[in-house]
Amino acid sequence: MPSPASRSPPLLLLVPFLLLLLFSAASAWKKDEFRNCNQTPFCKRARGRKAHSVPSLSTADISISDGAVVARLLPSQPLRQATDGDDPESDTVPPRPLLLRISVYQGGVLRLHIDEDASAPRRRFQVPDVLLPDLDDRRLWLSRLSSPAAGSSSFYLAEGFEAVLVHDPFQIQVRRKGSGEPVLSFNSHGLFDFEQLRAKKNDDEDWEERFRGHTDTRPHGPQSISFDISFHGADFVYGIPEHASTSLALRPTSGPGVEFSEPYRLFNLDVFEYLDDSPFGLYGSIPFMLSHGARSSSGFFWLNAAEMQIDVLGPGWDDPAAPAKDRIDTVWMSEAGVVDAFFFVGHEPKDVLRQYTGITGTPAMPQEFAVAYHQCRWNYRDEEDVAAVDAGFDEHDIPYDVLWLDIEHTDGKRYFTWDRVLFPNPQEMQGKLAAKGRHMVTIVDPHIKRDDSFYIHKEASERGYYVKDASGKDFDGWCWPGSSSYLDVLNPEIREWWAEKFSFENYVGSTPSLYIWNDMNEPSVFNGPEISMPRDAIHFGDVEHRELHNAYGYYFHMATSNGLLKRGNGKDRPFVLSRAFFAGSQRYGAVWTGDNTADWDHLRASVPMILTLGLTGMTFSGADVGGFFGNPEPELLVRWYQLGAYYPFFRAHAHQDTKRREPWLFGERNTALIREAVHVRYSLLPYYYTLFREASVSGIPVMRPLWLEFPADKETYNNGEAFMVGPSLLVQGIYEERQKSVSVYLPAGQSWYNLRNGVSYAGGVSHKLEVSEDSIPTFQRAGTIIPRKDRFRRSSTQMVNDPYTLVIALNGSFAAEGELYVDDGKTYDFEQGAYIHRRFIFADLKLTSVNIHPANLGGKFPSDCVIERIVLLGLPSGAKKAVIEPGNREANVELGPLTLRGGSSPDAITVRKPNVHIADDWTLRIL
Amino acid sequence: MGACLRISLTISCLLLIWISASASIPSRESLGIAPQDLSYYKSDVIKCKDGSKKFTKEQLNDEFCDCPDGTDEPGTSACPQGKFYCPNVGHIPLTTFSSRVNDGICDCCDGSDEYNGNVSCPNTCWEAGKVAREKLQKKIATFQNGVTIRKQEVEKAKQAFAKDEAELSKLRSEEKILKELVQKLKEQKERIEKAEEEERKKREEEERRLKEAERKANESKNAPEESSHDITDQAPEKLSELHNQDAMEDHHDSAVEDKNDYTTGTEISDNQVVGKVANDHDDTIAKSGHEADGRSDGSSFSHVEKQHVVEAQDNAVSKANTDYPGTEEELSSHVAEQGQVSDSTEGLSREELGRLVASRWTRENAAEGNDEVNMAKEGLEHDEDIREENHDGYISDSDEDHKFEDDDLEDDQDAEFGEDHEEPTGAYSSDEDDKTDYSDLTVSGSSSWLDKIQQTVNNVLQAFNFFRRPVNISEAATVRKEYDDFSSELSKIQSRISRLNEKLKYDFGKDREFYSFYDRCFESKQNKYTYKVCPFKKASQVEGHSSTQLGHWDKFDESYRVMLFSNGDRCWNGPDRSLKVRLRCGLKNELVDIDEPSRCEYVAILSTPALCLEEKIKKLEDMNTGQPSAHDEL
C-alpha cells in the first residue's frame, strides 16, 4: 500500500507522534498484556499447594455399571481440617460427592471422568464434537473388579496392563501386569482439587476478577480443577502445544534449580511478536502430553477447553534430598470444565500416538497440491500483482502450487467479498492460475463486520448467531473490520449455516480452485482482555466462553472445512489452514505457527514447535518461511527455504511492512539456492504424499522427532535440531549465520547416506560436517527406499504423469524397503480403494514391487507412470545390467548422478530406464 | 514410454506439418535444439556441455537424463536443467525451460513443446507474429518520430546550455563591478555612520541629563505604585520619541552588522516602530538564514527564514514520522512518556483500545477510522501535546506566530524577488520566475546599464559633504539607500550565479538531452495520490495537503535509462523511501505509470523522446525483417 504521511493539516502534526507511539508499543512482546499465573487466581491457588496438602478424597460405592467402573468421591474420613489457609472454600462449603467413572477402550486407553453430581447448581461444560463419534463402539465392557490388596481395586486395561484404583486417599494407577511397574498415576501426590459450583456470598472476594481494565463477572464463581499426573519410566515429557521453544522436551517449570518460571499455559491467544522461547501460550492448545524413556512410553490427554496451566516438576520438587529417578511429575490446572482424561500406555512412542489419534482422529488426507509449496504475503495487492508474482515463478522456473490472499483482498474486511477496485475479476484471476494447475487461498476470519449492509452480519444478527456478552447482547469487539461480532460456532446449527456460505453461489467470485484460510480464530479481539474474548461471554446452551475458549477456533475450523466439503458435494478434499487449534483439529486441515519473526532463533524454534504439533496429532503444520515480522537477510531466507522445504506444510509468508521477498528478488545466486530448495520438496512429493497417507491411517506424523524412529537411542531424546521425515530421511537444520560446520548426530543401528553426494556415515556417532550454502545436511537411512520425481513442472498438478526415481539406500546386508502411495490427489475415491500402494523390497540383489493395497477393499487407481531411474547406494560395484520380470527385459546399469543438478558427479550406480509401471507387480534383478 | 513417445512424436509432427506447411519436421535428433546448436550434436558420441559425461546419439532425447546440465535432453523434460527451443516459424523463436515440455500447457506458439498427445496446441505463431510485428512497427514509428523530436530537444538544450553559460559569465563580470561599487558605498556609509555616531552620543548625553532632571521631578510628584505603569502611561509623543531613538540605534547597529536595512525613507519616520519589529526579526532571520545557507544573504533573508522554518517543520514532521526513538532524544523521551501512558490502556475506550492493538500489525494510525468525533478528540489532545513540545523549543516556531511575521515581512519585501530564493531541493518550477526577475538585470543588461550605475554611484559619493555638521540627513540617506540597493542587486546576482552553478554541475546526458528536465516536473495521478517527479530535484507523493518525499535526486543509472531518487521520507518500520524512474522512448514527456512493488520502493515509467535513440531503430528494424534475435522490449 502506498504510505501516506497524513491526510489533513491537524493530522500532519499528530501522525508522527502516533506512529512513534505505536512503534514503541510495537517493538516487542507485551508481557504485561497477558496474565501470568500469579494474576490468574485459580493458577495461583493451585500452584501454591504442596504435595498431600489438599484435603483428600476417598472412593465410596465402587462398582461396575454399564461396563465401566463407577464410584463416588467423598472427603476422607474423618474430615481433615484444611491445612492450607488460602483455600477459603474448603473451609466454608461442605463438599458434595463427586461422581467418578472409569472406562477402558481398545488399544490400551483408559478414560477417567469426574464431575459433580446432579445436585450441582449448573451443569459443567463437557467439550462436544472432539472425540471420534465411533469411540463408544470401541469401549471394552468391564465385568470384573479385582482386589490385589486391601483398599484398592484393579481391572483389565490392555494386554499386559492393568489399572488400579486406590480407595483412600483416592488415586489411580496404570501399571504393567505381573511386575506391577507403574506407567502413569493420577493423584499420587494428593494434589487433586475440584472447586465445586456454589452460590455467591456477599463477602466473596474471589467472585469477580479484574485484569487491565477488563472485568470478568464470573457469575458462577471459582470452579477450577487441578491434579497431579506422574509419568513413570520417563526420561522426558513432550507435547502440550502451543509454545515457542528451542527445546523439544518440556523443560521443568518448577522444582529445584528452576526459578521464576511460569507453568506451560494453554490458552489460545493472538500474541504480537511472540518470543522464541517461552512457556507462554500461543494460538492453539492441545492438552496432550507424552512421555518417553528407555523403558516406557505413555501419554495423558485431558479433554478440557478452559484455560489450562501445566507445571512440569523438576526432580526433587517434593523432596530435594531424594529426587525421583525415571519419573516425571506434572500438575495440571484448569479454570473450569470437568475431568475427562485419557491415559495411554503404549509400549512404544508410536503406540501412544496411535492411541491418541484413535480417540481424537487421525489427520485428514490432504490434496496433493496442498503438500507442495505455497506462496503467501500480506498482501498480494491486486490482480496485476497476483499475475506478476505468478509470472515471476514461471520466469525463474520455480514451481509453486498455491497463491494466497490476505485480508486486504476483501471489501473492507468483509469476508466472502472482494475489493472491487483491486480484484474486479476474481474468477478470471483464479482461472488463470488454475490453467497452470495452480490454486488460490483466501482468508476468512470469524469476526464479522457489524455493518447492516453486509449480508453475513445481517443474517447472523437476525438469527441470533453471535456470541453474547455477559449482559446478553451480541458481543461487540474490535478486529480488522473495526466493530465486529463473533459467530457462535459452538452451536452445530450455526456451523451448518456457516458451511453453506462457502458454496459457489454464496461465495461470489469463488471457483473450485479456491481454498480457505482461517486466521484470528483464537478468537482475536483487539480490545478484549488479553486480546481475546471476555471469559464471561455467553455461548449456545448458556456455556461461558471461559469453558470453551481453547476450542473456539477448532469449531470454526471445523465449520469452514465442512463448508468446503459441502461445496464439492463431499468429493473434493477441503484445504483449510487455521491458526487456532485444539485436540482434533487434525481432522479439519493444516495449521501454522502464526506470526513468527525473521530471525535465526525463530528459525531454530520452528523445528521443536512443528515436531510437537506432529506428536499431538497436528502433522500438517509449518512455520512461515522467512519469518512473518521483519526482513530476513538473504542468507536467513535461503536457510529458511532449505529447512522449510521439509516442513509438512511449506508456505512462505510476510508482514505487509516487510520488503518484498519473492524468491527471485535477492540476486541470481540466492534465486538458484531457493529454486533448489523448492525443487527438493517437489522431487520428494511422492514420499511426502505417502507419509501423509501413513499419518491419515496411523496418526504417525510426517515430520518426526528422532526418538520416534529410534526409541532406544537416548542421544536422540532431546534433539530438537534434527528431525526425521518419515522413517527414511534425517534433516539437520542450520540455525546460525555463516555457519561453517555443524555437528550432526546420526542415530545408532545403521549407516546413513548423505543425500547430496551419496557418502555414507556411521550411525550412533556425532559427525562434524562442513556446511555449504547450497543445502542443509540431509541423510537417507540405510535400509530404506525413497520414491522421488525428479522432473520439475510449474506445479505439482503437472507432475502427475511424470516418471519416478527410486533411491535405494542399502543396509549392511544389502537390503532396503520403502513404500509408495498414489491416488488421484484430490477426491475421496481412495476410500473406495482407488489408490496404488506398493512396498518396494530390495534383498538378494532383487528389487520387488509388492502390492499392499488390501485386496478386499476393491477399487483401483489407474496410472501409466513408470520408474525411469533407480539409484542404488551402498551396492558394491560390478553390476552390469538389470533383468526385469515379467518380460525378461533388460535395462542398463551404469554410473549416474545421484541428483539431476548441475555439477553433480556421476558416481551412483543407476539402473537406466527400467520403465516398470508403478501400478504393476514386477521384480528387477541386478546382475 | 519410449514407444509411446515415438508414436506421439510422429503424430505431433504430422500435426505440425498440417498446421504449418513451412515448418520443418523436427526429428528426435533435432527436437528442442536451436539451429545454431545443431552442429554440436552431429557426432556419434557427444559430450555433456558441463564435461561430466559422454553420451551416444541414441541417448539424445531418449527421455532419460544422462547429463545433469541437460545437454542430452534438449527436446524432453527429462533433465530439470535443460532448455527447449521452439522454432515458432512465423513468429520469434523461443527458448524455454525443459520443465515446460509435455506439461499439458501450450508454451510455444507453434505447439512444439506439447507433442505427447495429451493436449493439442494450435499453431498461433502467424497471428502472434502479426500482432508482434504490428507492435514492432508502431514502435519503430514512435522511435523514428521520437528521434526527430529528440534532435530538436538536443539542439534546444545546446542553445539553452550556451545561453546559461553566457549568462553566467556575464553575471560574473557584473558581480565583480558591483562588488567594487558596494565596497565603496560601504566605506562611505561607514564614514557617515561614524559621524552620525559622534553626533548621537552628544545628543544622548544631553538627553540623559534632561531625563535625569525630568525623572527627579516625576519622583517627587507621583506615588510609587504608579511607576510600574510608566511606560504605558507615558504620553504618546514621548513614547514615539523614545522609540524613535531606540529604533535608530538598533537600526544602525543591525545595518552595520547585517548589511540589511529596510528603511527606505530619507527621514526617520514614525513607522520606524514597525521597522524595529522587522529588524528584530531580521536578527533572528539572519542567524537562522546563515546557518541554513551560507550563500543566502541580503534581502533574501526573510524568505530564507520562511522557508527554513517551513522546512524545519517539515523535517520535524517527517522525522517524527520516520525516525526511531533514540535519534531525537527529546522526541523519544516525549514518546516514551506517551508510551507509558498508553501502556495503561485502562483509560482508553473499547474502540480506542481495539484500534491501538490493531495498529501494531497494520502500522496504521490508531486514530484513523470512521469515527470522526473520536478522531477529532484524539487530534485535539495530540495537538496540545505538540504545542507543548513547541514551547519546549523543539520545533522552532509555531505556525500562527510565523504566519504573522511572514505577512509583515512580505509587505517590506522586494516583491519581484518574491518566492524565488529557494534551495534547489525546495523548488521544482521556479526558474521561469527567475528569468522574468532578472530581465532588468540581464536581458537589458548592456554595458550602458553598468556605466549608468557606476556614474550614479560616483555622483552620490562625490555629493556627500563630510565636513558639514550636523550630517546632512538627506545626503546620508541617499548613500544608505544606494548602498542598500546595490548590495541587494549584488546579492541577486550572486544568488543567480550560485543557482546557475548549481544547475550546470549536473550530468544532463550524453547530448544534454535531459537539459530541459531541470526546470520541469512530471505528474501522474493514481487513485487518491498525485505523484510528482522533478528530475534533478525530488519526487513526491501528494495526497490532499500532505506530501511524502519519495526521494531526492540521486543520479542516472543504466546509461541514462533510469533516474534514481533516494533518501526520501523514512517508512515506519521500514526503509527510506526511494523511487526508480525507468525511461522509455515516447513522443511526449509523460509519467505513464507509478507503482510501489516493494514497500516504500517506488517504480515509475516515464516516456520521453530523450530515449528515442537512432541506433535503436536499426536494431528494431533488424527484428522486423525477421532476423532471429533476442526479442527484448517487445
Checklist entry - Where nothing but the Cβ of Lys and Arg (+1) and of Asp and Glu (-1) is charged, how large is the charge dipole of chain A around its Cα centre, in debye to the nearest 20? => result 1980
Checklist entry - With each label point set 7 Å from Cα along the Cα-Cβ vector, what nm distance links B:Lys170 and B:Thr478? => result 3.1
Checklist outcome for this item: Amide H neighbours of A:Tyr761 at under 5 Å, excluding residues fewer than 5 places away on the same chain, with H built from the backbone geometry, are A:Trp752, A:Tyr753, A:Asn754
Checklist entry - Taking each residue of B:594-601 in turn, how many C-beta atoms of other protein chains fall within 10 Å of its C-beta, and what is the average? => result 5
Checklist outcome for this item: Note to self: C-alpha centroids of region B:26-79 and region B:161-194 sit apart, in Å, by 80
Checklist entry - Whose amide H sits under 5 Å from the amide H of A:Phe211, counting only residues 5 or more places off or on another chain, with H placed in the peptide plane? => result A:Asp216
Item to check | In order through region B:75-89: 3J(HN,Hα) via Karplus (6.51 cos²θ - 1.76 cosθ + 1.60), integer Hz, x for Gly, Pro | outcome: x, 10, 9, 5, 9, x, 9, x, 10, 10, 9, 10, x, 6, 4
Item to check | Per-residue mean of C-beta atoms belonging to partner chains within 10 Å, peptide A:652-660 | outcome: 4
Checklist entry - Spin-label point model (7 Å from Cα, Cβ direction): what's the B:His545 to A:Ala712 distance in nm? => result 8.1
Item to check | Mean Cβ neighbour count within 10 Å, used as a protection proxy, ranking A:760-767, A:896-903 highest first | outcome: A:896-903, A:760-767
Item to check | Alpha-carbon centroid distance for the pair region A:284-306 / region A:114-170, whole angstrom | outcome: 18
Item to check | Shielding score for B:60-70, defined as the mean number of other chain Cβ atoms within 10 Å | outcome: 5
Checklist outcome for this item: When B and A pair up, the total accessible heavy-atom area removed from solvent (1.4 Å probe), in Å² to nearest 100, is 7600
Item to check | For chain A, calculated [θ]222 nm from helices alone, where every DSSP H run of n ≥ 4 adds -39500 (n - 2.57) | outcome: -5500 deg cm²/dmol
Checklist entry - Where does each of A:222-229, A:517-524, B:30-37 land if you order them by average Cβ count within 10 Å, highest first? => result A:517-524, A:222-229, B:30-37
Item to check | Relative contact order (percent, whole number), chain A, Cα cutoff 8 Å, 6+ residue spacing | outcome: 9
Item to check | HN-Hα J in Hz across region A:210-221 - Karplus 6.51, -1.76, 1.60, θ = phi - 60°, x for Gly and Pro | outcome: 10, 8, 6, x, 9, 10, 9, 6, 6, x, 10, x
Item to check | Lone cysteines, chain A (no partner Cβ under 4.7 Å) | outcome: A:Cys376, A:Cys479, A:Cys865
Checklist outcome for this item: Along region B:588-595, Karplus-curve 3J(HN,Hα) (6.51, -1.76, 1.60; θ = phi - 60°) to the nearest Hz, with x for Gly and Pro, reads 10, 7, 8, 7, 9, 7, 8, 8
Next on the checklist: Given R₀ = 56 Å, what would the calculated FRET efficiency be for B:Asp593 paired with A:Arg212, taking r from the Cβ atoms and rounding to 0.05?
Outcome noted: 0.70
Item to check | Other-chain or far-sequence residues with amide H under 5 Å of A:Val402's (modelled H) | outcome: A:Gln375, A:His439
Checklist entry - Say R0 is 41 Å: what FRET efficiency, to the nearest 0.05, do A:Ser813 and B:Lys57 get from their beta-carbon distance? => result 0.50
Checklist entry - Cα to Cα, under 24 Å, and not fewer than 8 places away if on the same chain: which lysines meet these conditions relative to B:Lys139? => result B:Lys130, B:Lys151, B:Lys510, B:Lys580, B:Lys588, B:Lys616, B:Lys618, B:Lys619
Checklist outcome for this item: Simple SL model, points at 7 angstrom along Cα→Cβ for A:Glu500 and B:Ser27; separation in nm is 6.8
Checklist entry - Suppose R0 equals 60 Å; then what is the FRET efficiency for A:Ala60 and A:His917 from their Cβ-Cβ distance, rounded to the nearest 0.05? => result 0.35
Item to check | Surface share of carbon and sulfur [accessible, 1.4 angstrom probe, percent] for region A:577-706 | outcome: 50
Item to check | Peptide ranges B:534-545, A:869-880, A:111-122 listed from the most packed, as the mean C-beta count within 10 angstrom indicates | outcome: B:534-545, A:869-880, A:111-122
Checklist entry - B:Glu346 to B:Lys510: extension gain in nm, 0.36 nm per residue of separation minus the Cα-Cα distance? => result 52.6 nm
Checklist outcome for this item: Result for region A:768-857: accessible area per residue, probe 1.4 angstrom, in square angstrom, of 37
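The values are calculated or read from the model by the stated rules, or taken from the named source; none is laboratory data. Please read these numbers as outputs of a predicted model, since none were measured by experiment. Methodologically, a virtual Cβ is constructed for each residue, glycine included, from the backbone with ideal geometry; neighbour enumeration extends over all protein chains shown. When the accessible area is computed, the model is the full protein with side chains, heavy atoms only, and any ligands, DNA or RNA have been set aside. Shrake-Rupley method; radii C 1.70, N 1.55, O 1.52, S 1.80 Å.
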